[in-house]
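Q: First the structure, which I've put down as structure tokens, then a few questions once you've had a look.
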Amino acid sequence: MSRAALIQSVIGLGPAWEARPGWFEQHPAALSRQAEAPADVDLAPVEPPAPPRTDIVVQPEPTTLVAAQPSAKLPPLSAEPPPIASPAPEVLPLLEWDALERAVRDCRDCRLCQTRTQTVFGRGNRQARWLLIGEAPGEQEDRQGQPFVGRAGQLLDNMLTATGLDRDRDVYIANVLKCRPPGNRNPGGDEIAACQSYLIQQIRHIQPTLILALGRFAAQTLLQTEKGIGQLRGKLHSYQDIPLIVSYHPAYLLRNQPDKLKAWQDLVFAKKTFGRLSAD
Ligand code: URA
């Protein structure tokens with residue numbers, strides 16, 4: 001039996017994970033959320049879920065602590081235009097939360113202000129111990145002014161619920177970019193640089209116990225690296241001394257169902273790490 005198949009059977013998913021997409025959606029705790037989902041949400045329940053066994057914990061790959069290098073430079077996330085250098089986090093002024101929200105709402109620091117419907121600041125509990133950071137608003141988020149309200153958000157909510165986290169009580173969710181890139185294109189390096197101080201200030205206000213970076217833009221921006229998700233997940237990193245774990249972006253998981261198993265392993269790793277950090 002392959003290692004992947006063994007892990008699947010150990011956590012109660014059976015060897016047919018790939019044939020049964022939608023495990024997160026079918027988790028008993030997540031089913032109640034589905035009732036609230038808009039009709040066009042593709043959550044595709046296929047058969048009753050195989051709930052994960054709670055007596056066995058998936059061991060993540062060996063943990064290493066990789067410190068993010070504080071740097072004024074951003075990684076070259078797109079060929080052009082080049083990133084604008086931004087000041088190191090510690091020298092940025094910290095606006096009060098309400099002033100920060102207003103600054104984001106009125107921001108005209110990059111071209112995205114011309115095409116957005118509205119800015120998307122964040123959602124959740126400002127006192128939450130978990131901070132989840134995504135990439136940028138999509139079409140639904142741009143319309144509603146809230147992060148992760150589209151299909152990727154439905155999946156994220158279900159994943160959180162399956163992990164025992166309440167999206168309103170236990171987490172705060174923000175994005176690297178506060179405005180939607182037109183056509184859902186990738187964020188530009190200059191746009192990330194222009195927006196970076198808002199995210200940094202959100203992190204400084206929230207001071208989470210653990211950051212979960214969802215997708216490569218969040219991970220690469222916070223860790224100042226060009227490494228891909230495959231190299232970054234399964235390790236404990238840190239951003240400005242805050243422990244940080246990397247996982248796949250939910251929108252990627254919608255297109256790559258088999259990697260949901262890895263995303264589940266990341267969440268198990270994160271939950272375990274959070275428990276250890278909270279006990280310290
Ligand atoms: N994808 C993101 O990264 N953020 C959102 O808010 C929505 C989709």
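All of the numbers you see were taken from the coordinates with simple rules; none came from a lab. Given the structure is predicted, the values throughout are model-derived calculations rather than measurements. Positions of Cβ are backbone-derived with ideal geometry, glycine not excepted, and every protein chain shown enters the neighbour counts.
Q: If you take the square roots of the eigenvalues of the alpha-carbon gyration tensor of segment 149-279 and sort them as a ≥ b ≥ c, do you get rounded (a/c under 1.5), prolate (a/b over b/c) or oblate?
A: It is rounded, given that a/c, with a ≥ b ≥ c, falls under 1.5.
Q: Residue-wise, which Karplus ³J(HN,Hα) couplings in Hz belong to segment 234-242, taking 6.51 cos²θ - 1.76 cosθ + 1.60, θ = phi - 60°, and x for glycine or proline?
A: Coupling constants for segment 234-242: x, 10, 9, 9, 8, 10, 6, 6, 9 Hz.
Q: Can you compute the charge dipole magnitude of segment 97-279 about its Cα centre, using +1 on each Lys and Arg Cβ and -1 on each Asp and Glu Cβ, nothing else charged? Give it in debye, rounded to the nearest 20.
A: 300
Q: Estimate the FRET efficiency between residue 96 and residue 227 by the formula 1/(1 + (r/R0)^6), using the beta-carbon distance for r and 35 Å for R0, to the nearest 0.05.
A: That gives a FRET efficiency of 0.50.
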